[in-house]
């Protein structure tokens, strides 16, 4: 398994250094740190970390919550590392839909648990997203034979979207998972038997 890389977005140098040391001791790859929300976006876009540990109160005109909301377009999970446990800031943070919320002061065990749970949740969401895409593709294929189809009253050929005429079997097989075997229904079988010459040749 490839190494998990984690971006640190933290404006307190002491905490950023502590996170770096703890992540290294836990055998994670470390990116950053950056003290600004826009810096976190720039690094995430360039390096595509597996996860971002995000302080809420970052420097500049974009705080950690705004940065987390922007990171959704990269599908990178965010765990907030903050001392905001309640109030308006916490309410805003919940709306950013983080994958975890680690309160300061934290310990190494709590840090690892938050990271691993976030990664598992993100992986599960990625798999669900892929399953939805596969289902959408399957439904799209299933709908190919829906709609109005032009068919010749005499030879039973079907007119496709490009204006070409195809045998009915070929038309259906191209647009579905169906294949065909051939036989005769009872009515046609009786007709063929009635048309067959008698054994005496009369």
In the set 139, 145, which member is touching a helix residue (DSSP H, G or I) at 6+ places or on another chain (Cβ under 9 Å), more than 30 Å from residue 62 (Cβ to Cβ) and at pLDDT below 90? 145
Can you tell which of 67, 40 is touching a helix residue (DSSP H, G or I) at 6+ places or on another chain (Cβ under 8 Å), buried (at least 23 other Cβ atoms within 10 Å of the Cβ) and over 13 Å from residue 93 (Cα atoms)? 40
Selection count, the stretch 156-168, where residues are surrounded by 10 or more Cβ atoms within 10 Å (Cβ to Cβ) and either more than 36 Å from the chain's Cα centre (by Cα) or in contact (Cβ under 8 Å) with a residue 24 or more places away in the chain (or both): 9
Among the residues of the stretch 25-33, is there at least one that is in the same structural domain as residue 108 (by TED's automatic domain parsing), surrounded by 18 or more Cβ atoms within 10 Å (Cβ to Cβ) and modelled with pLDDT under 95? yes
I'd like the residue in the stretch 81-103 that is outside any loop (DSSP other than H, G, I, E, B) and out of contact with any helix residue (DSSP H, G or I) (no Cβ under 9 Å at 6 or more places or on another chain) and, out of all such residues, is surrounded by the most Cβ atoms within 10 Å (Cβ to Cβ). 90
Every residue from the stretch 162-179 that is at pLDDT 80 or above and outside any helix (DSSP H, G or I): 162, 163, 164, 165, 166, 167, 179
Is the stretch 72-80 home to any residue that is under 29 Å from the mean Cα position of the chain (by Cα), at pLDDT below 95, more than 19 Å from residue 114 (Cα to Cα) and in a helix (DSSP H, G or I)? yes
Would you mind finding the one in 53, 135, 117 that is in a helix (DSSP H, G or I) and more than 30 Å from residue 172 (Cα to Cα)? 117
Residue 60: farther than 18 Å from residue 83 by Cα, touching a helix residue (DSSP H, G or I) at 6+ places or on another chain (Cβ under 7 Å), buried (at least 20 other Cβ atoms within 10 Å of the Cβ) and at pLDDT below 95, yes or no? no
Can you confirm whether residue 115 is crowded, with 16+ Cβ neighbours inside 10 Å, at pLDDT below 95 and under 21 Å from residue 17 (Cα atoms)? no
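The values are calculated or read from the model by the stated rules, or taken from the named source; none is laboratory data. Keep in mind that what you see is a predicted model, and the values were worked out from it rather than measured. For neighbour counting, all protein chains shown are included, and Cβ atoms are generated from backbone atoms with ideal geometry for every residue, glycine included.
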